[in-house]
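These notes are about the structure you will find just below.
Here, each number is a calculation from the coordinates, and none is a lab measurement. This one's a predicted model, so the numbers in the text were calculated from it and none came from an experiment. Cβ: placed from backbone, ideal geometry, glycine included. Neighbour counts: every protein chain shown.
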Amino acid sequence: QRREAASAPLTPGALADGTPVPLLANLGSGDAAASAVELGAEGVGLFRTEFLFLDAGSTAPSVEEQTQHYVRVLEAFAGKKVTVRVLDAGADKPLPFLNDAPEENPALGLRGLRALRASENILRDQLTALAAADAQTDADLWVMAPMVSTLEETEYFVTRAHEFGLKTAGIMVEVPSIALLAKPALAASDFASIGTNDLTQYTLAADRLLGTVASFQDPWHPAVLRLISEVGQAGAESGKPVGICGEAAADPLLAVVLVGLGATTLSMSPSALADVRLSLARFDSNAAQRLASIALDAHDAASARSAVTDAAPSLQ
Ligand code: PEP
Ligand code: MG
């Protein structure tokens with residue numbers, strides 16, 4: 001009997017009124033895919049590819065090696081969405097085959113898509129491998145670029161990905177400049193996925209790796225939420241999907257706020273899926289929007305969190 005309960009399909013993520021909110025997994029390798037499926041992941045919202053490159057040694061992984069790596073995760077999610085992020089490296093994770101000159105402020109330097117444009121052969125190989133893996137499998141492959149800060153970069157990446165035959169190409173929104181330009185950015189791409197870890201770091205100007213400023217790294221900050229709201233509104237107007245793939249999506253109450261701000265999917269480490277699923281099921285769309293507006297009106301992270309926590313019971 002216990003085994004039956006464990007293998008029963010988990011209900012998909014949804015609000016109390018039935019509005020679907022697909023719950024996706026953040027993964028770093030194909031190894032974690034099977035357990036994510038067991039925990040009810042409805043797809044992959046962020047497949048981080050840097051581990052493959054960090055483990056590679058002095059030369060970048062070949063197209064064939066990459067293809068095999070991507071096929072593993074795509075096979076585990078046959079028929080489902082798998083969002084792969086192209087290499088997100090920079091001076092904080094130096095790779096010998098990328099332009100890796102030391103930098104004083106790696107978070108503000110040549111990282112993410114910027115680094116790939118400085119070593120375009122790496123991006124070309126990665127898109128080639130992704131297209132090959134896509135052709136061999138039945139998952140719905142989406143690709144996205146990290147650390148995009150301008151419309152020109154948005155157009156560059158989406159055009160390149162389409163040229164390689166990858167149908168669904170989008171950007172991560174993790175820099176305030178592109179959040180503020182969400183409308184034209186979404187017009188130029190197929191979807192957006194908000195990386196709240198970096199969006200918080202860049203909005204509060206506090207290095208996310210520096211313990212002395214760790215207290216600033218709080219995605220409940222209303223300034224961060226206002227940027228997310230810009231993207232959510234642009235998504236609603238354009239009909240383009242807006243996912244969240246930063247840690248914020250794993251906070252059960254903040255997850256409801258994010259949906260109220262316009263997020264259409266939430267991606268998180270698989271261990272967080274169960275609690276977020278339960279939390280979403282307690283609130284309908286109106287309640288989620290009400291909680292979002294309470295959070296937006298707060299003046300700092302602590303008061304946003306406490307105002308939403310206080311208001312939540314009467315809205316369930
Ligand atoms: C983020 O910045 O929120 C994100 C999901 O990407 P990473 O944590 O890998 O930078
Ligand atoms: Mg990031």
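Observations on the model:
So that you can scan it fast, the table gives a plain yes or no per residue for (1) touching a Gly at 6+ places or on another chain (Cβ under 7 Å); (2) charged (D, E, K, R); (3) over 29 Å from residue 293 (Cβ atoms); (4) within 16 Å of ligand 2 (Cβ to nearest atom):
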{"site": "164", "(1), (2), (3), (4)": "no, no, yes, no"}
{"site": "184", "(1), (2), (3), (4)": "no, no, no, no"}
{"site": "215", "(1), (2), (3), (4)": "no, no, no, no"}
{"site": "244", "(1), (2), (3), (4)": "no, no, no, yes"}
{"site": "250", "(1), (2), (3), (4)": "no, no, no, yes"}
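- Residue match in segment 203-222 (condition: within 15 Å of the chain's Cα centre (by Cα) and crowded, with 24+ Cβ neighbours inside 10 Å): yes
Let's see how each residue does on (1) of a type in the set (S, T, N, Q); (2) in contact with a helix residue (DSSP H, G or I) (Cβ under 6 Å, 6 or more places away or on another chain); (3) buried (at least 22 other Cβ atoms within 10 Å of the Cβ):
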| residue | (1), (2), (3) |
| --- | --- |
| 245 | no, no, yes |
| 251 | no, no, no |
| 258 | no, no, yes |
| 261 | no, yes, yes |
| 272 | no, yes, no |
| 276 | no, yes, yes |
| 296 | no, yes, no |
| 300 | no, no, no |
| 316 | yes, no, no |
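- Residue 307 under 21 Å from the mean Cα position of the chain (by Cα) and in a helix (DSSP H, G or I): no
- Condition broken by residue 172, with the remaining ones in (1) in contact with a Pro (Cβ under 6 Å, 6 or more places away or on another chain); (2) more than 16 Å from ligand 1 (Cβ to nearest atom); (3) of a type in the set (A, V, I, L, M) satisfied: (2)
- Residue 229 being closer than 21 Å to residue 149 by Cβ and assigned to a helix (DSSP H, G or I): yes
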